[in-house]
Amino acid sequence: MPQHNHGFPTAPEVTEELGGGDYLLEGVKFNMAGWWELKLAISAGDQTDDVTFNLVLP
Ligand SMILES: [Cu+2]
């Protein structure tokens, strides 16, 4: 949460490959409303990438 400089109270992780390029990410827990950045670090084989999703929770 950029405005408060804190993260989730949990440690989310991918727990299952669902197929078709989909993965199950468990442990995402938003503990307050407002602007969040959901940052994912992705690795497959010798390749890596990062992606950031901006979310605003009412
Ligand atoms: Cu906060």
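The values are calculated or read from the model by the stated rules, or taken from the named source; none is laboratory data. Since we're looking at a predicted model, the values are computed, not measured. Note that we place each Cβ from the backbone using ideal geometry, even for glycine, and neighbour counts take in every protein chain shown.
What to note about this one:
- Residue 56 surrounded by fewer than 11 Cβ atoms within 10 Å (Cβ to Cβ), β-branched (Val, Ile, Thr) and within 16 Å of the ligand (Cβ to nearest atom): yes
- With respect to the stated conditions, residue 27 is surrounded by 12 or more Cβ atoms within 10 Å (Cβ to Cβ), without any contact (Cβ under 8 Å) to a residue 24 or more places away in the chain and among the small types (Gly, Ala, Ser).
- Within segment 1-25, tally of residues that are within 16 Å of the ligand (Cβ to nearest atom), small (Gly, Ala, Ser) and either over 14 Å from the mean Cα position of the chain (by Cα) or modelled with pLDDT of 95 or more (or both): 0
- The set of residues from segment 2-58 being assigned to a strand (DSSP E or B) and on the phi > 0 side of the Ramachandran plot comprises 19, 34.
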